[in-house]
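One structure is given below, encoded as structure tokens.
The values are calculated or read from the model by the stated rules, or taken from the named source; none is laboratory data. All of these numbers come straight from a predicted model, not from anything done at the bench. Methodologically, a virtual Cβ is constructed for each residue, glycine included, from the backbone with ideal geometry; neighbour enumeration extends over all protein chains shown. Heavy atoms of the whole protein, side chains included, go into the accessibility calculation; ligands, DNA and RNA do not. Shrake-Rupley method; radii C 1.70, N 1.55, O 1.52, S 1.80 Å.
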Amino acid sequence: MRIITIIPAYNEEKAILGVIKKSLEYSDVLVVDDGSKDDTYNLAKKTGAQVIKHDKNRGKGAAIKTGLKKALKKNYEAYILLDGDGQHDPDNIPSFISSINGFGLVIGSRFIEGTPKNMPLSRRLSNRITTSLIKYVTDFEITDSQSGFRAISADAAEYFINIKHDDYAYESEMLYVASKSKIKVKEVGIDSIYQLEKSHITKIHVFKYVFFIIKLLIRKTTKSDK
């Protein structure tokens, strides 16, 4: 199976080399530098991975869409999404590859095997709340709606490249699109490492995400996609 790992990255010079090198053991790699101000782009180029750089910071969702659109042109059979901050272990990629058959979207859950070590309480609580809301809207039985470690089948990928959101809401909208498009979703357990890395999520991101959730709930209650 021809696989490519797409790594959206923003100011990840401390971790990006290790993430790319380990990912290259399992698949081709495409890094989308979302307008980093540090040395992320130059370090990524040295690894032999494919690298694209946005001229400015456009958001994680925009970076994922750029990667998917580029990779779709090369007819891969599956697409892995993996964060560039070192939180996700590329050694889990085989679990996604073995699980993708018959499913359009496979989510790496951090909670199937318990709460990740050192996961901040704020993230734990926010994920529990948002996952409950996403479950209500989509009817998917999932435990981790916010995980950025995912696999997408070739057939399903086309559904996700035209999502309007460019920020962190993109990953939740993927689940909504999957539910409306009858795409089968599955979770697999993953290892996740939390250190003292600085979050790129700002108060503006939080506000936009709350607004996004409200719109999802309105869609659910009105049965409308407008």
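Screening Gly86 with (1) part of a loop (DSSP other than H, G, I, E, B); (2) farther than 26 Å from Arg128 by Cβ; (3) touching a helix residue (DSSP H, G or I) at 6+ places or on another chain (Cβ under 7 Å) gives one miss only, at (2). Leu105 - would you say it is among the aliphatic types (A, V, I, L, M) and more than 17 Å from Ala178 (Cα to Cα)? So Leu105 does not fit the description; no. Residue count for the stretch 76-93 satisfying the condition of being open to solvent by less than 50 Å² (accessible area, probe 1.4 Å) and either of a type in the set (Asp, Glu) or in contact with an Asp or Glu (Cβ under 9 Å, 6 or more places away or on another chain) (or both): 12. Taking the criterion of being in contact (Cβ under 8 Å) with a residue 24 or more places away in the chain, in a strand (DSSP E or B) and either buried (at least 20 other Cβ atoms within 10 Å of the Cβ) or in contact with a helix residue (DSSP H, G or I) (Cβ under 7 Å, 6 or more places away or on another chain) (or both), would at least one residue in the stretch 66-75 satisfy it? Looking through the stretch 66-75, none of the residues is in contact (Cβ under 8 Å) with a residue 24 or more places away in the chain, in a strand (DSSP E or B) and either buried (at least 20 other Cβ atoms within 10 Å of the Cβ) or in contact with a helix residue (DSSP H, G or I) (Cβ under 7 Å, 6 or more places away or on another chain) (or both).
When Ala62 is tested against (1) open to solvent by less than 10 Å² (accessible area, probe 1.4 Å); (2) at pLDDT below 95, only condition (2) is not met.
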